[in-house]
Amino acid sequence: GAGVSQSPSNKVTEKGKDVELRCDPISGHTALYWYRQRLGQGLEFLIYFQGNSAPDKSGLPSDRFSAERTGESVSTLTIQRTQQEDSAVYLCASSFRGNYEQYFGPGTRLTVT
Amino acid sequence: GIQVEQSPPDLILQEGANSTLRCNFSDSVNNLQWFHQNPWGQLINLFYIPSGTKQNGRLSATTVATERYSLLYISSSQTTDSGVYFCAVNSENAGGTSYGKLTFGQGTILTVHP
């Protein structure tokens, strides 16, 4: 596609429920990243996929967070047993390869009530 | 890990004014990007500039990698320039599976009044 797409654009969920966020990277981009942006803050890294290599999960804040990527295409970020502190905008980015210029999607705004 | 500091945190300008935003980082980098986050939250790529100087219309950027800083220049500012400007870097020494991930500064909030 023309750019990185994410769905849903907004998600409101009750505390304790599981949510799945989806990211479609730019076609041909082998690297995919997830970031989180809390209100009024900069972005914090969550997880990085590069081709068929083991992902870098060093930014995941707890074991309630997990992500998968199918080949070099879509990725899903799953948050289990959501908590109010998980409320944030979750942004996905892709790049041609690791350390090339990253391009961001519009984000998913998650609100946990 | 690498630290990224942006200054000033807030900047208020009249339309037509020029400004300089600064990004300091604590380690050698192999990737540095400047972004503009518009009021709808979209991150717009401005520059990919791990070193050197680039220009794009009214915007230009310079990264002095040996001194660990980057500058973003905005000339003849317009109201549409308002938003948050982020600097983000990847540490050259991250290595291994950390290669590629960006560390962001806290941003500079720019407000341009007509």
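Can you tell me which of A:7-19, A:56-68 comes out highest on packing, and rank the rest after it, using the mean Cβ neighbours within 10 Å? Numbers along the way, then the final one.
Details: A:7-19: 12.7, A:56-68: 15.1.
So the peptides A:7-19, A:56-68, ranked by packing, come out A:56-68, A:7-19.
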Could you list B:87, B:23 so that the one with the fewest beta carbons within 10 Å of its beta carbon is first and the one with the most is last? B:23, B:87
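Per-residue mean of other chain beta-carbon atoms within 10 angstrom of the beta-carbon, peptide A:99-107?
6
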If each K or R counts +1 and each D or E counts -1, the residues other than residue A:74 whose Cβ falls under 12 Å of its Cβ total -2
So, in nm, how far is label residue A:15 from label residue B:40 when the simple model puts each one 7 Å beyond its Cα toward the Cβ? 3.4
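Could you give the dipole magnitude of the protein assembly as shown about its Cα centre, charging the beta-carbon of Lys and Arg +1 and that of Asp and Glu -1, in debye to the nearest 20? Please report the intermediate quantities before stating the final value.
On the way: 17 positive and 19 negative charges, 42 e Å.
It works out to roughly 200 debye.
For each pair in B:54/B:101; A:15/A:57; A:15/B:101, compute the distance between the two Cα atoms and list the pairs where it is over 27 Å. Kindly include the intermediate steps, with their values, before the conclusion.
Details: B:54/B:101 23 Å; A:15/A:57 24 Å; A:15/B:101 30 Å.
Pairs exceeding 27 Å: A:15/B:101.
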About the Cα centre of region A:13-113, what is the dipole size in debye to 20, counting +1 per Lys and Arg Cβ and -1 per Asp and Glu Cβ, all else neutral? 140
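Sort A:97, A:109 so that the residue with the fewest other Cβ atoms within 10 Å of its own Cβ comes first and the one with the most comes last. Write out the running numbers ahead of the final one.
Working: A:97 12, A:109 16.
The most exposed by this proxy come first: A:97, A:109.
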Average partner chain C-beta neighbours within 10 Å, per residue of A:52-58? 3
Of all the C-alpha pairs in the protein assembly as shown, what % are more than 27 Å from each other? 33
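Quick note: the coordinates plus some simple rules give every number you see, no bench work behind them. The structure displayed is predicted, hence computed values, not measured ones. Ideal geometry is used to build each Cβ from the backbone, glycine not excepted, and the neighbour counts take in all protein chains shown.
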